[in-house]
Every structure is written in structure tokens, then in C-alpha cells.
Amino acid sequence: MNTARIFQRPKSSTQSGRARTDRWLLVFERADPLRHDPLTGWLGSADTQPQVQLWFPTCEAAVDYCRREGLAYELAPTPPHNLKMQAYADNFR
């Protein structure tokens, strides 16, 4: 049985906004290892579950879904958001 991982996406480092960081994401861990295709050299697997991503508005909704469907899940806590407050003049010290 695949294990589902529930987490919140972090803020993108390339953007200043925090869009879509309030939603919770459920992804499935890979059960089959990746194999090399001898013809193309690409990596592939018969396991399609890691391609599935489910979005939930709250952590409780994601956990309820896993319990209702009988899925094993792992909950990754959200790291704390620390702001470093500084004045613009501190750049020139």
C-alpha cells in the first residue's frame, strides 16, 4: 500500500508572493523503483500513483480523506515563518 504525504507547499523562492501556500497537498510516495529504459535511457515506472496530487483547503480535510479511504498517511508539519525585520538603512552599514 502506498503512503500518502500531506504538507503545505512553501513559498516560491523566485516570487515574492505567497499564492497557493495556504492549501494542503496530498501526494503519494513511490512504491515501485524507477527503472532505466534500455532504448531511450529515460527513467520510468509502472507506478502511476505519484502522478496524483490532491489539494485540500485544510489539513483536517486531507486527514479525513485519508481515513475515509483507508490510506496510510504521513503529516509533514508546516515550518514556522520567521520574518527578519530590518530597516532599509541597514543595507548600507
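Structural remarks
- Additional length obtainable on full extension of the chain from residue 45 to residue 86, 0.36 nm per residue less Cα span: 9.9 nm
- Sequence-distant contacts, meaning Cα pairs under 8 Å at least 6 residues apart, place the relative contact order of the chain at 34 percent.
- Rounded to 10°, Cα long-axis angle of helix 59-69 versus longest principal axis of the chain: 10 degrees
- Contact order normalised by residue count of segment 22-62, Cα under 8 Å, 6+ apart, percent: 54 percent
- Annotation for residue 19 and residue 32: the two label points, set 7 Å from Cα along the Cα-Cβ direction, are 3.5 nm apart.
- Net dipole in debye of segment 48-93 [+1 Lys, Arg Cβ; -1 Asp, Glu Cβ; about Cα centre; nearest 20]: 200 debye
- Projected onto its three principal axes, the C-alpha set of the chain covers 57, 41, 17 Å, listed from the longest axis down.
- For the chain, the Cβ-based charge dipole about the Cα centre amounts to some 440 debye (Lys, Arg positive; Asp, Glu negative; other atoms uncharged).
- Virtual spin-label span in nm between residue 59 and residue 78, 7 Å along Cα→Cβ: 0.8 nm
Taken together, the values in this text are just the output of simple stated rules run on the coordinates, not laboratory data. None of the values given here were measured: they were computed from a predicted structure. So basically every Cβ, Gly included, is an ideal-geometry build from the backbone, and we count neighbours across all protein chains shown.
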